[in-house]
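The values are calculated or read from the model by the stated rules, or taken from the named source; none is laboratory data. Computed from a predicted structure; not experimentally measured. Note that each Cβ is placed from the backbone with ideal geometry, even for glycine, and that neighbours are counted across all protein chains shown. Only protein heavy atoms, including side chains, enter the accessible area calculation; ligands, DNA and RNA are left aside. Shrake-Rupley method; radii C 1.70, N 1.55, O 1.52, S 1.80 Å.
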Amino acid sequence: MTEYETPGGPGAGEYDAVVLAGGAARRLDGADKPGVRVGGRALLDRVLAACSGAATTVVVADPRPTARPVVWTREDPSGAGPVAALDAGLRRTTAAHVVVLSADLPFLETATVRRLLGGLGERGAEGAVLTDTDGRDQPLVAAYRSAALRRELARLARAHAGLTGLPLRHLVAGLDLTRVPDPVASFDCDTWDDIAAARSRIREHGHVLDEWISAVKDELGIDLDVDTAALLDLARDAAHGVARPAAPLTTFLVGYAAAQTGGGPEEVAEAVRKAAALALRWAEEAAGDAAGAGPDAG
């Protein structure tokens, strides 16, 4: 259990998510920011993958194709600002806890969402907010108790005769918050320079393989945790012990065999084990032949 994964926090399936994706993106020259691709995936799809454990995910924006099923809604009037958009999204949720996210977070991960939800168990906090490199609160990368959000939204609506144009700081000012520092997950893409920086980072040696696997899983519509190291070892053994083209063919066959027997992580691991043992036997046999061992050797 980490510092933020506390016993009082909700687990997977015990929260809803609201993603705000309808901003004007003026600093991107009015481009369709949620649809801008980083690592081959739309920014919105990257955020949806991070909150895939939500029972219901509501996106406040005009409908568009997404990699995961969502509920669509819009603030009224359209363009009324983030507080009005959050209110519109929250009205479509039912869970006691809600994760609120912007749609421009290229490095948000499921683990970060779990940390935010875990933060709700600390001191009975009403919200757990991510903080950036400079320690600033990011209220659109946060988990909240739904009842507390509804209370503050109702208070603001009464005080201002509506929610149009209100800044988020007015909403969160009345909440008891805990902070979760994460300078990477809090990185958002407001400018084309931010987009370029995000694209560059995911192609760094330490990130590119995980990013590629995540992109492929999203593209193929699968949600499966696999032992990447075991698959890479298998590909290496097949390439070295059999022939280089055997590596991709073997991993394909492993995936196909796992799908035939249920397709879960256990089935993948068993198929990898069998294929790895075969590759080892193949290599040992070839080594024996090269050393002059024949059928009568012994």
- [ ] Name the residue, out of 139, 183, 245, whose mean-square fluctuation peaks in a Gaussian network model built on the chain with Cα pairs under 10 Å.
- [x] 245
Open item on the list: Just to be sure I understand: with springs between alpha-carbon atoms less than 10 Å apart, which residue in 283, 67, 54 has the highest mean-square fluctuation in the Gaussian network model of the chain?
Closed with: 283
Task: Whole-number D in µm²/s for the range 64-114 (Stokes-Einstein; Kirkwood sum over Cα pairs; 20 °C, 1.002 mPa s) - done: 167
Task: Nearest 10 degrees, 0 to 90: helix 208-220 Cα axis against the chain principal axis - done: 80
Task: On Cα atoms only, tilt of 265-290 relative to the major axis of the chain in degrees - done: 30
Open item on the list: Based on DSSP loop calls and a cut-off of at most 15 other Cβ atoms within 10 Å, the longest stretch of the chain free of exposed trypsin sites (Lys or Arg not before Pro) is what?
Closed with: 204-298
Task: Tilt relative to the chain, helix 146-160 - C-alpha long axis, 0 to 90 degrees, to 10 - done: 30
- [ ] Using all C-alpha to C-alpha distances in the range 43-192, build P(r) with 10 Å bins and read off the rounded percent in each one.
- [x] 11, 42, 39, 8
Task: Reciprocal of mean inverse Cα separation for the range 119-255 (Kirkwood radius, Å) - done: 19.2
- [ ] Determine the per residue accessible area of the range 65-168 with all protein chains present and a 1.4 angstrom probe, expressed in square angstrom.
- [x] 42
Task: Among 103, 196, 247: highest mean-square fluctuation, GNM of the chain, C-alpha pairs under 10 Å - done: 247
Task: Full-extension gain in nm, residue 133 to residue 204, via 0.36 nm per residue minus C-alpha separation - done: 23.5 nm
Task: Förster radius 35 Å - calculated FRET efficiency between residue 228 and residue 122 (Cβ-Cβ, nearest 0.05) - done: 0.60
Open item on the list: Give me the one-decimal nm value for the distance between modelled label points at residue 158 and residue 281, 7 Å along each residue's Cα-to-Cβ direction.
Closed with: 7.5
Task: Portion, in percent, of the accessible area of the chain that falls on carbon or sulfur, probe 1.4 Å - done: 54
TODO: Set the Förster distance to 30 Å, then compute FRET efficiency between residue 269 and residue 217 from the Cβ-Cβ distance, nearest 0.05.
DONE: 0.95
Task: Debye intensity ratio in log₁₀ form over the Cα atoms of the chain, taken at each q of 0.10, 0.14, 0.15 Å⁻¹ - done: -0.63, -1.04, -1.15
